Structure formats: C-alpha cells, structure tokens
Amino acid sequence: MLYGKYRLYCTFETEAMLPYFKGSTFRGVFGVALKRVVCVLKNVKCEECLLRPPCLYVRVFEDRSGTPRPFVIEPPMSSQTHYPEGSSFDFNLILFGNENENLGYFIYSLVQMGRIGIGKRINSERGRYVLQRVVHGESEIYSRETQVLNLPEDLQDISPDNLVAANKPCHRLRVNILTPLRVKFKNRLSGELPFHVLVRAMLRRASSLFSNYDLRNPDLDYRGMVTRAGKVKISESDLRWYDWRRYSNRQHQSMRMGGMVGSIVYEGNLTEFIPLVEFSKNVHVGKQTTFGLGKISYEILA
C-alpha cells in the first residue's frame, strides 16, 4: 500500500482563534476547499451529478460504502488556541494508495483552505493563512515561491508482509494515545482498553486499508491473534476520557466526540503484535481518523 506523509508549513495572514483539538476544524474546511477545486457542475447536488462516478471529492468525502477515507489530517499538536497575525504552524497530510497521485489536488485545496479561513470568526473573519512549503521526508516538493509541485518518487510501499515480520521478543509494552481514541466493543464506545479491544481495532484498520488501497491482503491469524491478545494483562494505566465537540456541516448540529487519551502498559507475550502496533502508529486507529484521532506511539519496555 502506497503511503505518503506530507508536512505542510503555514503562516497566518490574519489573527486566528482555533480550538484546543484542531482536527475537526481542519478536516471540515478541507472538504469545502476540495469541492471548490474539483467541482465542475457547481449548481448540481452531488447525488444528482452526472460526473459523480469519477469525482475525486465524492470519492474522498461522499462515499457511503464504508470504504475508509484515503487520508488523515494530523493537526498541530500544540495546545495553543490564539494565533496572532504572522504566527507559524505546521501539520501533516497522510494519503493512502493511488490517491497519492492526486497530491496536486490536495495541496491546492489546502492552499484554498487558507484563503477561505479556519477557526472562529474574529471581526467577522476567520483566520486566513498561506501555505509556505510542503515537505516529503527530507525533500521540499512545493513552495509558495515556485508554485511548482514535484511529486515524490520515493513513496513508502507498506507491504502486508510487514505485519507478520519477525521482531525481537517483547513482554512489556507502553502504548501512548496522543489524540482521542474512539473504539467500539460490543457496539458501544469503550472507555477502557483491554489489549484485545485495541488489537481488534488495529486489525480492522489494517484489513480495511489493505482491502481498499492495495491488491494484497495481510496473511494474519485474526481470530487467533484476538484470542492471544485476551491473555495480555494491563500493568499500568493512566487513560482518561477526553470530551470535545465538533460542529457537523453535514448534519447542521454540534456533536460530542469523546475518546481516550493517556498511556497504558501491557504485559504478556506481545512479540507478534509489534508489527501491527507499528503499522497503526503510522495510519492511526479507531473511528474518525480523518480528523487526526487515534494517533498513537509506543515503547518496548522489556
């Protein structure tokens, strides 16, 4: 599965006020901007549009088939909410599969997003920014000065074999949940994280992404892994529930979007799960990943 992670460096042209967690704000305006960029029949509803089948916007934002979105926006991790004019900030855009070939549309949409403005209105105007440059790995692939986008030739191709690669033994593992993690167990959002619940969520994410953005599928013992994950114990936990709200432009209402944050330490036979945890670190896990939710890191303790 092709995997592209792009770092975007921006500067506010006007004063801006953003929420503590910025993922929903970025994702919402991103959708508006992408539609403006690619839409040809602007006065026709998406569901009635003749050009719906090949439309990039529809594929990315309007698909109701259950296909995972081909992107993740990792918003600034800073708790800063007030940005004076001239303030700098950066964030990541992650793309999966062949959507990396459409990087130009995504980058131009993020340029347009800056012109539309983000955050709360200050004197009737949202914070406007300019996209200064985009970096992939160590290479600058776009700059405001040149207005030229150079598609990277060294995209990472994540093989499903990576999920079963051999690792050094692991018997103690710390998982850090950096942005709210929303996982369901028995059709309910869980406020606890036994290891088998986390493994179920990671397996769903891996299976879904590979099924839709790669011709190869991981050769994993799904049922056996869940069973073995059930034997792993929690030795430490400082997980807490973080509640926040977002406004849905689609549903025209405020929605509660809580999730778990903090860290948790697992003990047991964890070796076979490390490749899956590493994969999930790169792609996020759980629900609403496009907002940047479910960002994790990990440490092997023993």
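The values are calculated or read from the model by the stated rules, or taken from the named source; none is laboratory data. None of the values given here were measured: they were computed from a predicted structure. Here the Cβ is made from the backbone with ideal geometry for all residues, glycine too, and neighbour counts use every protein chain on show.
Of the numbered conditions (1) outside the structural domain of residue 226 (by TED's automatic domain parsing); (2) surrounded by fewer than 18 Cβ atoms within 10 Å (Cβ to Cβ), residue 165 satisfies every one except a single condition; which is it?
All conditions pass for residue 165, except number (1).
May I ask you to verify whether residue 198 is of a type in the set (A, V, I, L, M, F, W, C), out of contact with any Cys (no Cβ under 8 Å at 6 or more places or on another chain), at pLDDT below 90 and outside any strand (DSSP E or B)? Break it down into steps so the answer makes sense when it comes.
On the way: of a type in the set (A, V, I, L, M, F, W, C): yes; out of contact with any Cys (no Cβ under 8 Å at 6 or more places or on another chain): yes; at pLDDT below 90: no; outside any strand (DSSP E or B): yes.
In short, no.
What are the residue pairs meeting all of these: first residue in the stretch 208-226, first residue hydroxyl-bearing (Ser, Thr, Tyr), second residue assigned to a helix (DSSP H, G or I) and at pLDDT 90 or above, Cβ atoms under 7 Å, and 6 or more apart or on different chains?
Hits for this filter: 213/97; 222/203.
Quick check on residue 60: is it touching a Pro at 6+ places or on another chain (Cβ under 7 Å) and either small (Gly, Ala, Ser) or not in a loop (DSSP other than H, G, I, E, B) (or both)?
Numbers: touching a Pro at 6+ places or on another chain (Cβ under 7 Å): yes; either small (Gly, Ala, Ser) or not in a loop (DSSP other than H, G, I, E, B) (or both): yes.
The answer is yes for residue 60.
Go through 130, 135, 148, 111 for me and flag whichever is closer than 30 Å to residue 181 by Cβ and either free of Cβ contacts under 8 Å to residues at least 12 places away in the same chain or out of contact with any Pro (no Cβ under 7 Å at 6 or more places or on another chain) (or both).
Working: 130 fails: closer than 30 Å to residue 181 by Cβ; 148 fails: closer than 30 Å to residue 181 by Cβ; 111 fails: closer than 30 Å to residue 181 by Cβ.
Only one candidate passes the filter, namely 135.
Take residue 71 and tell me if it is within 14 Å of residue 26 (Cα to Cα), in contact with a Phe, Trp or Tyr (Cβ under 8 Å, 6 or more places away or on another chain) and either buried (at least 16 other Cβ atoms within 10 Å of the Cβ) or hydroxyl-bearing (Ser, Thr, Tyr) (or both).
Working: within 14 Å of residue 26 (Cα to Cα): yes; in contact with a Phe, Trp or Tyr (Cβ under 8 Å, 6 or more places away or on another chain): yes; either buried (at least 16 other Cβ atoms within 10 Å of the Cβ) or hydroxyl-bearing (Ser, Thr, Tyr) (or both): yes.
So residue 71 fits the description; yes.
Looking at (1) of a type in the set (Phe, Trp, Tyr); (2) more than 20 Å from the chain's Cα centre (by Cα); (3) closer than 26 Å to residue 207 by Cβ, can you tell me which one residue 129 breaks?
(3)
Looking at the stretch 1-46, which of the residues that are of a type in the set (Gly, Ala, Ser) and at pLDDT 95 or above is farthest from residue 218 (Cα to Cα)?
Pass one, the stretch 1-46, residues of a type in the set (Gly, Ala, Ser): 4, 16, 23-24, 28, 31, 33.
Imposing the further condition that a residue be at pLDDT 95 or above reduces the set to 4, 16, 33.
Details: 4: 20, 16: 44, 33: 35 Å.
Here the answer is 16.
Go through (1) modelled with pLDDT of 95 or more; (2) surrounded by 15 or more Cβ atoms within 10 Å (Cβ to Cβ) and name the single condition residue 82 misses.
(2)
When you look at residue 205, is it among the charged types (D, E, K, R) and closer than 22 Å to residue 291 by Cα, yes or no?
Working: among the charged types (D, E, K, R): yes; closer than 22 Å to residue 291 by Cα: yes.
It is true that residue 205 is among the charged types (D, E, K, R) and closer than 22 Å to residue 291 by Cα.
Determine whether the stretch 168-175 contains at least one residue that is in a strand (DSSP E or B), hydrophobic (A, V, I, L, M, F, W, C) and at pLDDT below 95. Working first, answer last.
Residues of the stretch 168-175 that are in a strand (DSSP E or B), as a first pass: 172-175.
Narrowing further to those that are hydrophobic (A, V, I, L, M, F, W, C): 173, 175.
Filter once more, keeping what is at pLDDT below 95: none.
Checked the stretch 168-175: no residue is in a strand (DSSP E or B), hydrophobic (A, V, I, L, M, F, W, C) and at pLDDT below 95.
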